[in-house]
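Notes for the one structure printed next.
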Amino acid sequence: MRVTFPHMGNLWIIAKTLLEDLGLEVIVPPLPNRRSLDVGVRHAPEFACFPLKLNIGDFVGALDQGAEAIVMAGGIGPCRFGHYAQVEAQVLHDLGYDVEMVILEPPRGHLDGLLAKIRRLSGGKPLTRVWRAIRFGWEKLVALDEFDRALTRARPVERLTGSAARAHRAAAARLADADGVWATRRVGREGVREILCAAGLEESGRPGEPSWGKPFPRLRVGLVGELFMVAEPFANQEIERRLGEMGVEVLRPLYLSDWVRTHLIPRVFQPGRRRRASEVKRAARPYLGHFVGGEGLDSVGETILFDRQGCDGVIHVAPFTCMPEIVAASLLPEAGRDLGLPVLSLFLDEHTAEAGLTTRLEAFVDLLGRRRAVGGAREKW
Amino acid sequence: MGTKPATGHVWLGIDVGSVTTKAVAVGETGAILAHICHETMGQPARQVVRGLVELGAQLAEVRRKPRVRGVGTTGSGRSLAAALVGGDVVKNEITAHAVAALDLVPDVRTVLEIGGQDSKIILLRDGGVSDFAMNTVCAAGTGSFLDRQAARLGLAPAELGELALRSKRPVRIAGRCAVFAETDMVHQQQIGHAVEDIVAGLCQALVRNYLNNLAKGKDLEPPFVFQGGVAANRGMVAAFEGTLGHPVTVPEHHVLMGAFGAALLAKEAGLASTRFRGFGLGRMEHRTASFDCDGCPNACEITELRVDGAVAARWGGRCDRWQRQGSPAREAGVEA
């Protein structure tokens, strides 16, 4: 059976590795692009949010290349993502595609259901074999997220625009080919070093020699918001690159591996992570005391945690019409005022003009730079 | 002609907006010496060159030998303008508008700005921007919408504001969406309300829309400065004053504030030299052309500006394949 899945940032690496290791033939959809977006917009319900439109575009791209089944995540709570898979299956069916939709529901503390589904996909391979495949995919995801983290530190100080991104691309290509857990870990370590070195940084992330005379410490901005919009560069119009090239270091709480750790893996396996999740909740409590669906609560809590880490500002991204993030966006101005922390909320959609986004980001960075010039680097650095 | 100062340093500011292109020249004191404003009409490059030539002619009347020390550009066409004329400082319009407002009203705390197709609110504290917002998906309440409604009622855009001031009983019009607003206006007109009451109601609806969209969650404090093209509409000014409960200052050159701010930014940058190509730009040949990039499935449409045959700038791509014109990375042919 030829299977496919939707794109979301680095997700394809873990999904491809895992499914191939289980003996399935995997068709990775073309990376999200304008053409796939056009397809998604044409066929998705008009009021659906942006991620669903991109999903449809991905699926049509992969089905046209011969995919027969789609592995798609499910969801719970008051966020439309919970019925994406069903709506998408219906849309594809109406388009005349004969496709099986395998929906992986979040385990809510029990891995059994999820493992059973993955095992069934593999044609009934033993659980130990399934587990090994998951471990392998997981290693790749962690390594790639580390590459991304290194890139966001390297970009603001690189002398030649694009050199860190080039090192990142090269490292990611090697990682995709790495065979086995140990090879993956080695490529992971080397890749991080190469990306940092491409911008003249030492492994600590501090400027090495020469430092190109760029200001240090540089402006730091936390990026919070809906998971897909934060993780998928095509959807957020490469906000990390844009900010990086303006000399800003972007911090993300939501790397995919973090999300998996906090949302998919039962807490008993990771006491440290459990603390992290409840820390976010506790931080949000003065403004929001309960789950509102999606990452709404996380957006508020992470903003406050970024302030404690000494970020100069926070940018909040969400798809247009996203209910959980509308709740967050209505609370963030108050939180920002209390903390003295500039917060910029961006609701993005298929037709968000590039000029408007650039203007907002530049003005925001000007604002942060001026605060830094007046007040110096924040003490909590 | 003996009154003309012999020489003088000047700084230019160019604001290429969606609807109009503005340019000013300021002298050492920061006073506006010359200014132009033309409709962009979808041809920003042509309007920038035309404006520059006229600006040079105006300057020649007040300064015998003006020496351009720096050029600032702003507005959605700021990169194009900078590439074309040789800009030194390229700034977003929020910062430019804030700088201009602070120069004229040093204690300003809120800038209301409504242009042709976008609107912004800028909060200033301690002499700098502390918060801002721009309209996102809706152009209701901007100049284009007002012009359209004026045209539908057979009025010149300036008349609409004057007429609104005469209203005693403004009608209630939905301000949430331009389509709903227009439906309401048609309805009120068909049941026989006077035109002045309808346009006054429209102004109030647009102010409501503006404040609901941009000012939510923000503390609006006086002094207020209202700038941008729509500030010429006295009905809008009155509606803002009525809603905010405070006087609203409209600068004399409210249309030029972006360009003025860009000129001030160029002046403050303390440039040792300028990249300005000179007022003779009108005699150079400039041409824009576009092509589809074949680097990836995005198939971005790349626009290219050539001045006297040489590539001055390229833009329109999602990646940096064509945008980094002149950087070593590009010349080395980065991407294989």
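Find all pairs meeting these conditions: Cβ atoms under 9 angstrom apart; at least six residues apart or on different chains; first residue within region B:108-121 and closer than 19 Å to B:Pro222 by Cα; second residue of a type in the set (Lys, Arg).
So the pair list comes out as B:Arg109/B:Arg125; B:Thr110/B:Lys218; B:Val111/B:Lys120; B:Leu112/B:Lys120; B:Glu113/B:Lys120; B:Ile114/B:Lys120; B:Ile121/B:Lys218.
Among B:Thr288, B:Thr303, which is part of a strand (DSSP E or B) and within 14 Å of chain A (Cβ to nearest Cβ)?
Working: B:Thr288 fails: within 14 Å of chain A (Cβ to nearest Cβ).
Sole residue among the options that is part of a strand (DSSP E or B) and within 14 Å of chain A (Cβ to nearest Cβ): B:Thr303.
For A:Arg166, which of the numbered conditions (1) over 23 Å from A:Met8 (Cα atoms); (2) within 14 Å of another protein chain (Cβ to nearest Cβ) fails to hold?
Only one criterion in (1) over 23 Å from A:Met8 (Cα atoms); (2) within 14 Å of another protein chain (Cβ to nearest Cβ) is unmet by A:Arg166, namely (1).
Within region B:292-302, how many residues turn out to be closer than 25 Å to B:Gly87 by Cα and surrounded by fewer than 17 Cβ atoms within 10 Å (Cβ to Cβ)? Please lay out each step first, then the result.
Quick first cut of region B:292-302, residues closer than 25 Å to B:Gly87 by Cα only: B:301-302.
Right, trim to surrounded by fewer than 17 Cβ atoms within 10 Å (Cβ to Cβ) and you get B:301.
Residues in region B:292-302 being closer than 25 Å to B:Gly87 by Cα and surrounded by fewer than 17 Cβ atoms within 10 Å (Cβ to Cβ): 1 in total.
Taking B:Leu163, is it among the hydrophobic types (A, V, I, L, M, F, W, C) and away from chain A (no Cβ under 14 Å)? Outline the logic, then answer.
Values: among the hydrophobic types (A, V, I, L, M, F, W, C): yes; away from chain A (no Cβ under 14 Å): yes.
Criteria met by B:Leu163.
What number of residues in region B:277-304 are over 26 Å from the mean Cα position of the chain (by Cα) and basic (Lys, Arg)?
1
List the pairs whose first member sits in region A:282-300 and is not assigned by TED's automatic domain parsing to the domain that holds A:Leu339, whose second member is among the basic types (Lys, Arg) and surrounded by 14 or more Cβ atoms within 10 Å (Cβ to Cβ), and whose Cβ atoms are under 7 Å apart, counting only residues at least 6 apart or on separate chains?
Between residues of region A:282-300 that are not assigned by TED's automatic domain parsing to the domain that holds A:Leu339 and residues that are among the basic types (Lys, Arg) and surrounded by 14 or more Cβ atoms within 10 Å (Cβ to Cβ), there is no close pair.
Could you run through region A:31-80 and say how many residues are at pLDDT 85 or above, among the aromatic types (Phe, Trp, Tyr) and more than 21 Å from A:Leu19 (Cβ to Cβ)?
Looking only at that region, the number is 1.
Do you know which residues across region A:28-57 are of a type in the set (D, E, K, R) and either within 14 Å of chain B (Cβ to nearest Cβ) or part of a loop (DSSP other than H, G, I, E, B) (or both)? Lay out the reasoning, then the answer.
Within region A:28-57, the subset of a type in the set (D, E, K, R) is A:34-35, A:38, A:42, A:46, A:53.
Result: A:Arg34, A:Arg35, A:Asp38, A:Glu46.
What about A:Val374, is it farther than 19 Å from B:Lys218 by Cα, in contact with a Gly (Cβ under 9 Å, 6 or more places away or on another chain) and more than 13 Å from every other protein chain (Cβ to nearest Cβ)?
Values: farther than 19 Å from B:Lys218 by Cα: yes; in contact with a Gly (Cβ under 9 Å, 6 or more places away or on another chain): yes; more than 13 Å from every other protein chain (Cβ to nearest Cβ): no.
The answer is no for A:Val374.
Can you tell me how many residues in region A:184-211 are under 21 Å from A:Val250 (Cβ atoms), among the acidic types (Asp, Glu) and either modelled with pLDDT of 90 or more or within 24 Å of the chain's Cα centre (by Cα) (or both)?
Here the count works out to 2.
Which numbered condition trips up A:Pro156, out of (1) at pLDDT below 90; (2) on the phi > 0 side of the Ramachandran plot?
(2)
Would you be able to tell me the number of residues in region A:349-364 that are more than 9 Å from chain B (Cβ to nearest Cβ) and not charged (D, E, K, R)?
Quick first cut of region A:349-364, residues more than 9 Å from chain B (Cβ to nearest Cβ) only: A:350, A:357.
Those still in the list that are not charged (D, E, K, R) too: A:357.
Residues meeting the conditions: 1.
Go through A:Leu331, A:Leu305 for me and flag whichever is outside any loop (DSSP other than H, G, I, E, B) and more than 10 Å from chain B (Cβ to nearest Cβ).
On the way: A:Leu331 fails: more than 10 Å from chain B (Cβ to nearest Cβ).
A:Leu305 is the lone residue from the list that is outside any loop (DSSP other than H, G, I, E, B) and more than 10 Å from chain B (Cβ to nearest Cβ).
How many of the residues in region A:326-359 are farther than 26 Å from B:Gly17 by Cα and of a type outside the set (A, V, I, L, M)?
So in region A:326-359, the residues farther than 26 Å from B:Gly17 by Cα come out as A:326-343.
Checking the rest, the ones that are also of a type outside the set (A, V, I, L, M) come to A:330, A:333-334, A:336-338, A:340, A:342.
Residues flagged as farther than 26 Å from B:Gly17 by Cα and of a type outside the set (A, V, I, L, M) within region A:326-359 amount to 8.
Pick from region B:60-88 the residues that are β-branched (Val, Ile, Thr) and away from chain A (no Cβ under 12 Å): which of them is farthest from A:Ala353 (Cα to Cα)?
If we filter region B:60-88 for residues that are β-branched (Val, Ile, Thr), which is where we start, we get B:62, B:68, B:71, B:73-74, B:85.
The next check asks that each one be away from chain A (no Cβ under 12 Å); those that pass are B:62, B:68, B:71, B:73, B:85.
On the way: B:Val62: 41, B:Val68: 34, B:Val71: 26, B:Thr73: 20, B:Val85: 25 Å.
Here the answer is B:Val62.
Working only within region A:242-258, note down all residues that are crowded, with 22+ Cβ neighbours inside 10 Å and within 10 Å of chain B (Cβ to nearest Cβ).
none
Could you check region B:5-32 and list, in sequence order, the residues that are buried (at least 16 other Cβ atoms within 10 Å of the Cβ), farther than 29 Å from B:Thr142 by Cβ and modelled with pLDDT under 90?
B:Gly8
Considering only region A:179-203, how many residues are in a loop (DSSP other than H, G, I, E, B) and either surrounded by 17 or more Cβ atoms within 10 Å (Cβ to Cβ) or within 14 Å of another protein chain (Cβ to nearest Cβ) (or both)?
Residues of region A:179-203 that are in a loop (DSSP other than H, G, I, E, B), as a first pass: A:179-180, A:199-200, A:202-203.
In the following step, the residues that additionally are either surrounded by 17 or more Cβ atoms within 10 Å (Cβ to Cβ) or within 14 Å of another protein chain (Cβ to nearest Cβ) (or both) were identified as A:199-200.
Count: 2.
Got a number for residues in region A:164-178 being surrounded by fewer than 20 Cβ atoms within 10 Å (Cβ to Cβ), of a type outside the set (A, V, I, L, M, F, W, C) and in contact with a helix residue (DSSP H, G or I) (Cβ under 9 Å, 6 or more places away or on another chain)?
The number of residues fulfilling the criteria is 3.
Filter region B:93-131 down to the residues that are within 12 Å of another protein chain (Cβ to nearest Cβ), part of a strand (DSSP E or B) and in contact with a Pro (Cβ under 9 Å, 6 or more places away or on another chain), then identify the one that is nearest to B:Asn233 (Cα to Cα).
Per the criteria, the residue is B:Asp131.
Got at least one residue in region B:198-216 being more than 17 Å from the chain's Cα centre (by Cα), in a loop (DSSP other than H, G, I, E, B) and farther than 15 Å from B:Ile121 by Cβ?
No; the residues of region B:198-216 include none that is more than 17 Å from the chain's Cα centre (by Cα), in a loop (DSSP other than H, G, I, E, B) and farther than 15 Å from B:Ile121 by Cβ.
The values are calculated or read from the model by the stated rules, or taken from the named source; none is laboratory data. Remember, predicted model here, so these are calculated numbers, not experimental data. We place every Cβ from the backbone using ideal geometry, glycine too, and count neighbours over all the protein chains shown.
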